[in-house]
Amino acid sequence: MQQKQLFEYAVIRVVPRVEREEFLNIGVILFCAKQKFLQTKYLLDEARLKACHPGLDLEELKKHLCSFERICHGGKDAGPIGQLDQASRFRWLTATRSTVLQTSKVHPGISEDALATLNRLFEQLVM
């Protein structure tokens, strides 16, 4: 049996019109230091997003989400932020922003399996 470990997560949101503060949950980012885990999972429901905001640039949004993934994986392909340790990359990704792509506040939890927890949170909060 694996030991339970502390993890942190945030919900990834699309905020089409920042001034209205309305959003759609599209993903989750989860960090567990003990398991050396930093990963994001998201789903772009294009029809739903277009229904809420027809002028939303989906291609631009996809590029930003891909950068989230690259930063989670780290390395040179993720630019200067990708060179930081996992905790610093998570903090950078979950920092407060006034942009179309935002994250919720960070929430803690306990888990034996970070990937299974990411999938469960994704199902509960996005699907």
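Here, each number is a calculation from the coordinates, and none is a lab measurement. Because the structure is predicted, anything quoted here is derived from the model rather than measured. Positions of Cβ are generated from backbone atoms using ideal geometry, with glycine treated the same way; all protein chains shown enter the neighbour counts.
Looking at the range 25-117, the trypsin sites (Lys or Arg not before Pro) that sit in a DSSP loop and have at most 12 other Cβ atoms within 10 Å of their own Cβ are Lys34, Lys36, Arg97, Lys105. Any idea what angle helix 58-73 forms with the longest principal axis of the chain, computed on alpha-carbon atoms, 0 to 90 degrees, nearest 10? It works out to around 10 degrees.
If you place +1 on the Cβ of every Lys and Arg and -1 on the Cβ of every Asp and Glu, how big does the dipole about the Cα centre of the range 5-125 come out, in debye to the nearest 20? Can you show the working numbers first?
Numbers: 17 positive and 15 negative charges, 43 e Å.
Computed charge dipole of the range 5-125: roughly 200 debye.
Taking Cα pairs under 8 Å and at least six residues apart, what relative contact order does the chain come out at, in percent?
That works out to 37 percent.
The residues neighbouring Lys105, those whose beta-carbon lies less than 15 Å from its own, together hold a net charge of +1 under the Lys/Arg +1, Asp/Glu -1 convention. Kirkwood-type hydrodynamic radius, the range 1-42: 12.0 Å, calculated from all non-identical alpha-carbon pairs. Counted by neighbouring Cβ atoms within 10 Å, the residues His53, His107 run from fewest to most as His107, His53. Here the 3J(HN,Hα) profile of the range 83-93, calculated from phi with Karplus coefficients 6.51, -1.76 and 1.60 at θ = phi - 60°, is 7, 6, 5, 4, 4, 5, 5, 4, 4, 5, 5 Hz, Gly and Pro shown as x.
Once the Cα atoms are used to define both axes, helix 114-125 deviates from the longest principal axis of the chain by about 30 degrees.
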